[in-house]
Amino acid sequence: MPPRPLDARALAALAANPGCRRRALLDGAGVDKPALAAALGAPAGYGQSQFAMIRGNSFEAKVKADGGTELLRLVHEKLGRGAEPPRAAHLPDLAAAGPEGRAARTALALREATASGTWTLLDHPMLALEVAGTPAYLEPDAVVVHPDGRWTVVEIKSFPLIDGAADPAKVGAAARQAAVYVLALERVAAKLDGARVGHEALLVCPKDFSNVPAAAAVDIRKQRAVTRRQLDRLARVEDLAAALPDGTSFAPDRTRAQLTEAVEAVGAAYAPDCLAACELAFHCRDRARAAGAVGTLGRQVRGELGTLTTVEAALDAAAGGCPGGPAEDPTAEALHRAARLRAGALAAAGLPADRTEGPGCPS
Amino acid sequence: MSLLTTLARLEAVRAGRARPLATVRHRHLTDRPLVFVPLTTAGEAGAPLGALVGTDRDAPRLLVVPQPRDRDLRWTFLADLAEEVLPYIDAYADHVEPAERTETDPVTGKKAKVATELCLDAPQIVVPSPAGIEYVRLLGRSMRFRRTAEEDPDAPYPAPARVPLLGRWFTHLAERSRMPGSALLLSATGLLSRHWATGQSSLEDQHLGALLAWIAPDPKTGGTGAEQALRAELARDAQGLLLVPPAGPATDPAFDNKLLAPAMARFDAARAADPADPAARSAAEDAVRALVASQLRPTWDAVWRSLDLVRELPPGAHTEQRWTGDRWSYTGHRDRVRAGEPPQPRRDDAVTAARKLGRRETEQVRLDAQEALDDPLVMAARRFAGEAFAGEITEVVMEWTDSKRPSPRPLLAVATEDGPQFDGPAKVYRSLDGRAQTAEHVRTEEDGTVVLRLLDKMGRGREPEPGTVPEKGDQVCWTLFEHEPRSGPRLPEPEDTPWTHGGPPAAGPEATDPVTDEDML
Ligand code: SF4
């Protein structure tokens with residue numbers, strides 16, 4: 001199976017659940033997670049509507065039309081006030097063979113643009129970033145080099161900026177993605193005199209209900225710091241792989257049982273947020289539910305219940321625990337009190353009580 | 001989230017079925033809500049694809065935009081929507097009762113009561129989910145700055161009559177929905193998850209089909225609520241289409257790609273045919289309509305089923321009072337429209353924004369208090385948090401004030417297992433015939449017995465009026481929070497006061513949105 005390259009979206013999501021070794025391994029090893037999820041019998045419901053795709057592409061084309069004149073104008077207006085307004089955009093050719101070749105070509109173009117001191121637009125450059133011991137190739141929508149040697153990451157999105165504000169969740173996701181590009185650019189900039197990477201990315205979206213581009217500067221310092229810390233913390237893929245039994249394979253042509261076993265060999269940290277961030281979520285959710293993990297109800301619930309990590313354990317504690325059981329746990333006591341209050345209130349309203357059979361105590 | 005809610009979720013996991021989070025209904029439901037189920041085009045902000053709308057569950061009106069990129073077709077959709085929704089909203093405008101409102105004189109700052117009128121009832125719109133509420137807000141924003149040909153004969157692409165007005169109403173309803181406890185614009189998932197806990201996360205509760213399956217699994221289908229919820233969420237047919245379409249406004253991408261896009265392409269082709277073939281065109285349009293209807297209808301039925309379920313609960317005692325606040329809100333906006341005010345601004349100025357936020361916070365405190373008073377299950381959570389306590393009166397000692405005309409100040413001992421969290425000298429309240437009676441906390445004994453001194457509502461005489469002092473053996477519930485944290489709920493919000501009546505100063509009408517060839521709306 002050809003490895004599936006990591007993209008910035010995957011990396012940003014990876015950083016969103018750094019505690020998950022399963023995901024770190026699968027992503028780091030370039031396993032095709034959608035195919036794996038399908039082979040496991042829990043396909044991800046992803047896939048994009050072609051309407052959204054067409055809209056996204058046509059908006060990006062519009063933003064970059066005329067040799068990037070409008071895009072550079074927006075960068076100048078929002079982030080480059082000090083400099084000369086851009087006249088003609090310099091658009092280097094970034095074509096090369098393979099991701100490595102393209103990354104090298106991009107690095108060269110960045111060096112030349114920085115030295116030339118002119119506004120330069122890099123359309124779909126290629127950046128390399130080592131993640132968990134494996135190189136990931138990333139392709140931002142655009143990078144703009146300012147005359148003063150500053151590099152700005154440009155994210156073009158098709159969700160609207162309405163009255164200057166956009167959906168905060170979507171802006172957050174874009175900022176996390178931009179942070180990954182900034183980290184990758186910083187590796188290139190470190191080797192160049194006079195180059196620095198701006199910590200404000202430019203988000204370009206359709207204005208209100210039109211097709212007219214509008215831009216906003218997004219400070220991504222926080223996302224950059226968080227992503228950086230989490231990427232550094234990611235266990236190295238080799239270390240994770242070394243812990244696997246020999247012969248473990250995630251090839252989708254293996255049987256479902258074999259794959260399940262392989263996947264289960266690496267620890268996971270399922271939380272409902274996975275549903276929006278990881279293609280394996282339905283599989284991991286099934287497993288977490290089958291195991292009665294309280295984390296399926298949300299991170300907050302898991303936090304609240306402390307050491308009571310399963311539904312049964314929590315309900316046993318609510319029912320009063322076992323005589324001679326483990327020493328009083330404050331969470332268990334609180335649950336027991338909550339259960340009595342709840343039972344009293346349901347009874348007062350004439351509603352059937354929750355099932356309150358005693359815990360399954362060893363006799 | 002209270003640990004009691006967590007417990008209910010855990011119980012639901014074990015039972016495979018939702019468990020109650022409330023013993024009464026905490027939102028007012030009108031006799032004649034209007035249900036609105038919109039769908040939007042993926043990737044296009046505010047380009048509607050279709051909707052089912054109406055007050056009769058058996059006869060919804062189907063509105064479809066067979067090609068959302070076509071401005072004229074979108075205008076037709078919005079005009080039809082206005083034709084359906086505005087008469088419903090207007091129907092409540094002329095049935096009024098006399099009322100009073102406090103107005104502040106802009107010059108002297110003095111407050112005075114002014115006679116006014118209040119609509120007897122108000123419209124209530126129900127959408128499937130919070131995303132639907134956001135969509136109402138978005139449609140409101142996209143419509144309210146448009147100009148009709150009548151308002152501006154030179155406007156390029158004039159909006160159909162009444163569309164801007166619908167935009168203003170949608171904006172008002174969406175804004176009101178942010179007020180805790182309000183009920184002019186509700187979502188079905190919001191209603192259901194207020195009253196029931198499922199065995200899944202609140203994220204998954206956003207899926208109306210799954211949420212309903214947890215609460216009222218279909219006996220014909222078989223399986224537990226949990227199993228049916230999973231099916232509602234994930235099951236697909238041989239073509240890869242979801243069996244239960246999403247409740248919108250977003251569509252299933254598989255539906256878009258496999259069915260909708262080809263049908264729209266056929267519609268485009270039929271429209272472009274030369275010579276024109278009206279029969280082919282209308283057949284192609286019907287095909288798109290049928291597809292969109294197939295995605296809408298299950299959600300339409302689900303919203304009505306949700307309303308049935310919530311309606312089965314007896315109304316909480318304070319819901320009526322909160323609905324009065326909604327009636328004021330409706331009446332106020334009616335007056336603003338009638339007074340010829342311009343549409344709501346694009347963004348609130350800092351003062352207005354802060355005031356709205358402050359009002360929502362107060363309203364939240366009040367809602368929390370009222371729900372607890374109306375519902376022992378909500379009160380249980382407050383008791384758990386140490387903000388209320390219930391117990392038996394074990395002793396009553398009569399005492400009086402030292403004044404010339406002594407008033408009763410009886411001491412009460414309350415035996416309770418709850419652990420109220422007193423923080424210095426504190427007042428506590430209990431409900432006495434719907435009014436709050438105050439006591440002060442004197443001390444807590446070592447065995448947890450709370451000693452209180454009753455302070456008011458005992459009449460004017462030396463002896464308390466009968467029934468005003470609890471007796472030994474009575475069960476009483478006391479709260480550490482006030483029952484009515486703010487004065488008169490029957491007063492209108494300043495934002496609902498028209499400017500002609502001393503409402504907030506208007507900064508003057510805002511410019512309309514520039515219209516371009518490529519606008520999506
Ligand atoms: S879905 Fe599974 S593999 Fe993916 S991040 Fe969550 S727990 Fe890890």
If you go through the stretch A:254-286, how many residues are open to solvent by 30 Å² or more (accessible area, probe 1.4 Å), within 14 Å of chain B (Cβ to nearest Cβ) and either within 9 Å of the ligand (Cβ to nearest atom) or touching a Lys or Arg at 6+ places or on another chain (Cβ under 9 Å) (or both)? 4
Read through the list (1) closer than 14 Å to B:CYS477 by Cα; (2) more than 12 Å from chain A (Cβ to nearest Cβ), then give the number of the only condition that B:LEU377 fails. (2)
Answer yes if at least one residue in the stretch B:180-191 is without any contact (Cβ under 8 Å) to a residue 12 or more places away in the chain and in a loop (DSSP other than H, G, I, E, B), and no otherwise. no
Subset of the stretch B:296-318 (residues that are in contact with a helix residue (DSSP H, G or I) (Cβ under 8 Å, 6 or more places away or on another chain) and either open to solvent by less than 20 Å² (accessible area, probe 1.4 Å) or part of a helix (DSSP H, G or I) (or both)): B:PRO298, B:THR299, B:ALA302, B:VAL303, B:ARG305, B:SER306, B:LEU307, B:LEU309, B:VAL310, B:GLY316
For the subset of the stretch B:244-288 comprising residues that are within 13 Å of chain A (Cβ to nearest Cβ) and among the polar types (S, T, N, Q), which member is nearest to the chain's Cα centre (by Cα)? B:THR251
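So that you can scan it fast, the table gives a plain yes or no per residue for (1) over 30 Å from B:HIS207 (Cβ atoms); (2) assigned by TED's automatic domain parsing to the domain that holds B:PHE36; (3) of a type in the set (Phe, Trp, Tyr):
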| residue | (1), (2), (3) |
| --- | --- |
| B:ALA284 | yes, yes, no |
| B:ALA290 | no, yes, no |
| B:LEU309 | no, yes, no |
| B:LEU313 | no, yes, no |
| B:THR319 | no, yes, no |
| B:HIS333 | yes, yes, no |
| B:THR352 | yes, no, no |
Check the stretch B:330-341 and report whether any residue there is at pLDDT below 95, in a helix (DSSP H, G or I) and open to solvent by 60 Å² or more (accessible area, probe 1.4 Å). yes
Is at least one residue of the stretch A:292-299 within 30 Å of A:GLU130 (Cβ to Cβ), within 13 Å of chain B (Cβ to nearest Cβ) and within 12 Å of the ligand (Cβ to nearest atom)? yes
Residues of the stretch A:50-71 classified as open to solvent by less than 20 Å² (accessible area, probe 1.4 Å), in contact with a helix residue (DSSP H, G or I) (Cβ under 6 Å, 6 or more places away or on another chain) and of a type outside the set (Val, Ile, Thr), total: 1
Given the structure, is B:VAL469 assigned to a strand (DSSP E or B) and in the same structural domain as B:ARG409 (by TED's automatic domain parsing)? no
Strands (runs of 3 or more DSSP E) fully within the stretch B:61-159 counting 1 or more residues that are farther than 22 Å from B:ASP326 by Cβ and polar (S, T, N, Q): B:96-104
With the checklist (1) more than 14 Å from chain A (Cβ to nearest Cβ); (2) surrounded by 24 or more Cβ atoms within 10 Å (Cβ to Cβ); (3) farther than 24 Å from B:GLN295 by Cβ in hand, flag the one item B:GLY199 doesn't pass. (1)
Quick one: is A:ALA214 at pLDDT 80 or above, under 30 Å from B:LEU138 (Cβ atoms), within 14 Å of chain B (Cβ to nearest Cβ) and within 16 Å of the ligand (Cβ to nearest atom)? no
Conditions (1) under 25 Å from B:LEU185 (Cα atoms); (2) modelled with pLDDT under 95 -> B:VAL114 fails only (1)
Condition check for B:GLY54: out of contact with any Gly (no Cβ under 9 Å at 6 or more places or on another chain) and within 14 Å of another protein chain (Cβ to nearest Cβ): no
Any chance the stretch A:90-108 includes a residue that's assigned by TED's automatic domain parsing to the domain that holds A:PRO213, modelled with pLDDT under 90, within 17 Å of A:ARG187 (Cβ to Cβ) and not acidic (Asp, Glu)? yes
Looking only at the stretch B:31-47, decide whether some residue is within 14 Å of another protein chain (Cβ to nearest Cβ) and of a type in the set (Asp, Glu). yes
One residue is enough: does the stretch B:211-231 have a residue meeting the conditions of a type in the set (Asp, Glu) and within 14 Å of chain A (Cβ to nearest Cβ)? yes
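The values are calculated or read from the model by the stated rules, or taken from the named source; none is laboratory data. Everything numeric here is computed off the predicted structure, so don't read it as measured data. Heads up, the Cβs are rebuilt from the backbone with ideal geometry, glycines too, and the neighbour counts pull from every protein chain shown. All accessible areas refer to the heavy atoms of the entire protein, side chains included, with ligands and DNA or RNA removed. Shrake-Rupley method; radii C 1.70, N 1.55, O 1.52, S 1.80 Å.
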